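Participant: Just dropping this structure here.
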Amino acid sequence: MTKLSVNINKIATLRNARGGNIPDVIKAAQNIEAFGAQGITVHPRPDERHITYKDVRDLKPILKTEFNIEGNPKEQKFIDLVLEVKPQQVTLVPDTQGQITSDHGWDTIKNKEYLTEIITLFKNYNIRTSIFVDPNLQMVKGAKETGADRIELYTEEYARLFYTEKEKVIQPFTAAAILAGELGLGVNAGHDLSLDNLKFFKEHVPNLLEVSIGHALICDALYLGLENTVQLYLRQLK
C-alpha cells in the first residue's frame, strides 16, 4: 500500500498572506487526517514564509498519523527543530536560501560524508531518514551508502513531461525504484504529482511506500472540497 502524506505548506501560505489564524493550519491537518490521509508533511524554510517553526511544534502533539518534516539539514536551526520535535520521518532536501520550491535532488556521492554524518545523528534519535534524489541510479546507490532508510524520488520532470511522453519519462523512475528495492531502501516520491498523473506513476513505480503531495492537492481542494480531494487522491493510490 502506498501512503498519502499531505504537505500543508500552502495552507500556511494562505494564512500568512493575511495574518491571524485563518485558515487554521492545525485544524486543517487534523481534518486531513480524519479524511483518510496517512501522513502530514511540512517543509519549514529559514524565512518561515509558509510553515513556521511554531507550527511544527504545535502539530507534533496533535497528529495521529505519520509526521514528515522536510528541509535542508545544512541549516542548524532545522536540525535543532527536528531533534526537538522528533517526527517519524525527516526528509533531507538540498534547498538553497530563498528558493521558491525544491528543484533538484542531492548529489549523494559528492555529499556522502556530510549526509552520512547527519543521517547518523537523526537515526540516533530513532527518526527515519529519507533523501531527496533525482531518478539516477548512481545517486540511489550513493543514498544507500549514507545509511539512509529511504529515498524520495523528485518527480518534477515526470509531471512536466507526463502529457507528451509519459511512457519514456517514467522509465528512470521505475529503474530507480527497482534498484532501491534491491538495495533495501524504501521509496517515497513527491513534487508536482497530481490527480492526473498519480495513478500512472503508482502503477509503474514498484516498492512505492509514500507520496508527499501539497500544491496540486490544495489547489484541487479549492474546487472540489478538502475531504473529497483527499479521497480522490487516495483512490489513485489503490
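Participant: Among the residues of segment 146-163, which ones are more than 22 Å from Gly71 (Cα to Cα) and either of a type in the set (Lys, Arg) or open to solvent by 70 Å² or more (accessible area, probe 1.4 Å) (or both)?
Facilitator: Correct list: Arg160, Tyr163.
Participant: Which members of segment 164-217 meet the condition of being among the β-branched types (Val, Ile, Thr) and either open to solvent by 10 Å² or more (accessible area, probe 1.4 Å) or assigned to a helix (DSSP H, G or I) (or both)?
Facilitator: Taking segment 164-217 and keeping what is among the β-branched types (Val, Ile, Thr), we get 164, 169-170, 174, 178, 187, 205, 211, 213.
Residues satisfying the conditions are Thr164, Val169, Thr174, Ile178.
Participant: Further question: Could you grab the pairs with beta carbons closer than 9 Å, sequence gap of 6+ or different chains, first residue in segment 99-121 and surrounded by 13 or more Cβ atoms within 10 Å (Cβ to Cβ) and of a type in the set (Gly, Ala, Ser), second one assigned to a helix (DSSP H, G or I) and at pLDDT 85 or above?
Facilitator: Close Cβ pairs satisfying both conditions: Ser102/Glu156; Gly105/Met139.
Participant: Residue check: is Ala143 among the small types (Gly, Ala, Ser) and either surrounded by 20 or more Cβ atoms within 10 Å (Cβ to Cβ) or touching a Pro at 6+ places or on another chain (Cβ under 8 Å) (or both)?
Facilitator: Numbers: among the small types (Gly, Ala, Ser): yes; either surrounded by 20 or more Cβ atoms within 10 Å (Cβ to Cβ) or touching a Pro at 6+ places or on another chain (Cβ under 8 Å) (or both): yes.
For Ala143, the condition - among the small types (Gly, Ala, Ser) and either surrounded by 20 or more Cβ atoms within 10 Å (Cβ to Cβ) or touching a Pro at 6+ places or on another chain (Cβ under 8 Å) (or both) - is met.
Participant: Identify, please: which residue in segment 21-55 is open to solvent by 70 Å² or more (accessible area, probe 1.4 Å) and not acidic (Asp, Glu) and is, among those, farthest from Gly225 (Cα to Cα)?
Facilitator: Lys54
Participant: Which one of the conditions (1) closer than 17 Å to Ile213 by Cα; (2) in contact with a strand residue (DSSP E or B) (Cβ under 8 Å, 6 or more places away or on another chain) does Val56 fail to meet, given that it meets all the rest?
Facilitator: The number of the failed condition is (1).
Participant: Here's a follow-up. Look through Asn68, Asn72 and report the one residue that is within 14 Å of the chain's Cα centre (by Cα), open to solvent by less than 50 Å² (accessible area, probe 1.4 Å), of a type outside the set (Phe, Trp, Tyr) and within 15 Å of Val211 (Cα to Cα). Quick ask: steps written out before the conclusion?
Facilitator: On the way: Asn72 fails: within 15 Å of Val211 (Cα to Cα).
Only one candidate qualifies: Asn68.
The values are calculated or read from the model by the stated rules, or taken from the named source; none is laboratory data. Owing to the predicted nature of the structure, the values given are computational and were not obtained by experimental measurement. As a convention, Cβ positions derive from the backbone with ideal geometry for all residues, glycine included, and neighbour counts pool all protein chains shown. Quick note on the areas: whole protein, heavy atoms, side chains included, nothing else; ligands and nucleic acids left out. Shrake-Rupley method; radii C 1.70, N 1.55, O 1.52, S 1.80 Å.
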